[in-house]
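Chemist: The structure that follows is given in the form of structure tokens.
The values are calculated or read from the model by the stated rules, or taken from the named source; none is laboratory data. Note that this is a predicted model, so its numbers are computed, not measured. All Cβ positions, even for glycine, are placed from backbone atoms using ideal geometry, and neighbour counts span all protein chains on display.
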Amino acid sequence: MSHFPRSDPAHARIPLDPKPTFFGHYWFRGTPAPLTPHAACLDYSIAKGGALVAYRWSGEPVLDANAFVHVGNADEAEAVR
């Protein structure tokens, strides 16, 4: 699997190709945003009072923080438009 970074822990490896990768099960808090230009976590702790987060992908080559939408209590994030 040569397209994965070698220095990261196995559970945190994200493909380096330009296809977006969305994942969860990390219980993030705060404002939803891309973690890399092509990777984003959508798990913002809805079960613990956080937000249900989605990303409105329109084929852009790099993920855009403004494309995240949510319902619930994401700290400092804008509500679903």
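Chemist: Does any residue in the stretch 46-62 that is under 19 Å from Thr31 (Cβ atoms) come within less than 7 Å, Cβ to Cβ, of a residue that is assigned to a helix (DSSP H, G or I) six or more places away or on a different chain, and which pairs are these?
Modeler: Taking only residues 6 or more apart or on different chains, the pairs are Leu52/Ile46; Tyr55/Ala67; Arg56/Ala67; Trp57/Ala67.
Chemist: Hey, which of the strands (runs of 3 or more DSSP E) in the stretch 1-63, taking only ones fully inside, have at least 1 residues that are of a type in the set (Ser, Thr, Tyr) and either at pLDDT 85 or above or within 10 Å of the chain's Cα centre (by Cα) (or both)?
Modeler: Ranges flagged: 21-23, 51-55.
Chemist: For the stretch 30-45, which residues satisfy the criterion of being in contact with a helix residue (DSSP H, G or I) (Cβ under 9 Å, 6 or more places away or on another chain) and surrounded by fewer than 15 Cβ atoms within 10 Å (Cβ to Cβ)?
Modeler: Hit for the stretch 30-45 is Ala33, nothing else.
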